[in-house]
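Participant: One structure, as structure tokens, below. Some questions next.
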Amino acid sequence: MLTSPATSESAFLRACHGLPVPHTPVWFMRQAGRSLPEYRAIRAGVGMLESCRRPELVTEITLQPVRRHGVDAAILFSDIVVPVAAAGVDLDIVAGTGPVVTEPVRTEKDLERLRPLVAGDVDFVAESVRLLTAELGGTPLIGFAGAPFTLASYLVEGGPSRSHVLTKALMHGDPELWHALCERLVQITGEFLRVQVAAGVSAVQLFDSWAGALSEADYRTFVLPHSQAVLSSLASAGVPRIHFGVGAGHLLPAMASAGVEVVGVDWRTPLDVAARLVGPDQAVQGNLDPCLLFAPWPVIEAEVRRVLAEGTSASGHVFNLGHGVMPDTDPEVLTRVVALAHELTA
């Protein structure tokens, strides 16, 4: 079993609540373990969705970056499309492409295929969380889900999209169907997160990966009410809520208003600027550019120092990348970044 201070006293949870910390806590988004050779070895021949459905495998993969890097929190190994697959959507996660939906949702009839999620549909997730909390000791475990907009975009487009043209066309052309789709995704996402909380996660993150593709007006009209619904359903859960979007600097005040303790910030917006945008009531998370991990170490060190300095402007700061760890990242660099962040802020 990994050992650390009691979860309630962890630097990560204290930072989420804007409390004094022994050092700035660090964790890495989007399966930090996928840059590890031991991750590639254990995943060999096992598809992504299948990997997410095996509790023992989920446990091992989740623990790998904690053991390697000494991060202050673990992120549950899963994928944002796991709950929609469990709710009846025929999809697969194709290597090199991402989620691909067999029959996209573009009409009211298509919507009928998306049924409500019940806890039993994702009992493998609950079992994974229980196994992990036993192994992690006092190290917090972060659960997560995809936000309704990002999930809706996958379902409407049929897969990843750069322009989100079909999504925006549906959003504006048939707002009634759009909101009906998002309301179903609110239920699915909310239940998925509640299962994780009930099983023992210490915090949750709502990923709105594609929100940055929207104007602020469209975000506030078509997206924010649904993200708020998910996050407000967890208000009494007693765990910090983190909200993160990519390319969403112009949306930070709106995302902060969704009802969260922490706002994730990608690398495009300096953290001191982000802190002013979200206000004094929320901590910030981020935001080293993941591409810079391929630069010489003096460059990386200077950037870590800059991010940490900018993070002091917020009520609390959780150090992270501005997006996920790239698969070809040198694991030793990640380990050095964690050690440096701890050393500079202890």
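No lab work stands behind these numbers, since they all come straight from the coordinates. If you're wondering where the values come from, they're calculated on a predicted model, not measured in any experiment. Ideal geometry is used to build each Cβ from the backbone, glycine not excepted, and the neighbour counts take in all protein chains shown.
Participant: For the ranges 63-74, 160-171, 295-306, what's the packing order if you count other beta-carbon atoms within 10 Å of each residue, average per peptide, and put the highest first?
Facilitator: Result, highest mean Cβ count within 10 Å first: 63-74, 160-171, 295-306.
Participant: Work out from phi, with θ = phi - 60° and the Karplus expression 6.51 cos²θ - 1.76 cosθ + 1.60, the ³J(HN,Hα) of each residue of the stretch 338-346, listed in order in whole Hz, and give x for Gly and Pro.
Facilitator: Values per residue, Gly and Pro as x: 4, 4, 5, 4, 5, 5, 6, 10, 6 Hz.
Participant: Sticking with this structure for a sec: Would you mind counting up the charge near residue 225? Only other residues with Cβ under 15 Å from its Cβ, with Lys and Arg at +1 and Asp and Glu at -1.
Facilitator: -3
Participant: Got a sec? Which residues in the stretch 93-119 would a label at residue 165 touch, if it sits 7 Å along Cα→Cβ and we count backbone N under 14 Å?
Facilitator: What the label zone holds, given the 14 Å backbone N cut-off, is no residue at all.
Participant: Across the stretch 123-137, in residue order, what do the Karplus-derived ³J(HN,Hα) couplings come to in whole Hz, using 6.51 cos²θ - 1.76 cosθ + 1.60 with θ = phi - 60° and x for Gly and Pro?
Facilitator: 5, 5, 6, 4, 5, 4, 5, 4, 5, 5, 4, 5, 7, 6, x
Participant: Still on this structure, please answer the following. Grab the Cα-Cα distance for residue 124 and residue 41, subtract it from 0.36 nm times how many residues apart they are, and report the gain in nm with one decimal.
Facilitator: Roughly 27.7 nm would be gained on extension.
Participant: Here is a follow-up. Which order do the peptides 15-23, 258-266 come out in when sorted by mean C-beta neighbours inside 10 angstrom, highest first?
Facilitator: 258-266, 15-23
Participant: Out of residues 5 or more away from residue 285 or on other chains, whose amide H comes under 5 Å of its own, with H placed 1.01 Å from N in the peptide plane?
Facilitator: Answer set, sorted by chain and number: 263, 264, 265, 318.
Participant: Based on other C-beta atoms within 10 Å, arrange 51, 10 from fewest to most.
Facilitator: 51, 10
Participant: Can you tell me what share of the DSSP beta bridges in the stretch 7-345 is antiparallel? A percent to the nearest 5 is fine.
Facilitator: 15
Participant: Would you kindly derive the ³J(HN,Hα) couplings of the stretch 84-93 from the backbone phi angles with the Karplus curve 6.51 cos²θ - 1.76 cosθ + 1.60 (θ = phi - 60°), listing them in order in whole Hz, with x for Gly and Pro?
Facilitator: 6, 5, 5, 8, x, 7, 7, 8, 9, 9
Participant: So for the chain, taking the charge dipole from beta-carbon charges (+1 Lys/Arg, -1 Asp/Glu), which of 134, 292, 221 sits furthest toward the positive end?
Facilitator: Checked the options; the winner is 292.
Participant: State the Cα centre-to-centre distance between the stretch 209-242 and the stretch 288-342 in whole Å.
Facilitator: Centre-to-centre (Cα) distance: 26 Å.
Participant: Using Cα pairs closer than 8 Å and at least 6 residues apart in sequence, work out the relative contact order for the stretch 103-187, in percent.
Facilitator: 38
Participant: Please list, ordered by chain and number, the residues whose modelled amide H lies under 5 Å from the amide H of residue 205; skip anything fewer than 5 residues away on the same chain.
Facilitator: The answer is 143, 144, 145, 242.
Participant: Calculate, in nm to one decimal, what residue 180 and residue 111 gain on full extension: separation in residues at 0.36 nm each, minus their alpha carbon distance.
Facilitator: Between residue 180 and residue 111, full extension yields 24.0 nm more.
Participant: Using Cα-Cα distances under 8 Å and only pairs 6 or more residues apart, what relative contact order does the stretch 7-345 have, in percent?
Facilitator: 21
Participant: Given a Förster distance of 30 angstrom, what is the FRET efficiency for residue 335 paired with residue 94, based on the Cβ-Cβ distance and rounded to 0.05?
Facilitator: Rounded to the nearest 0.05, the efficiency is 0.45.
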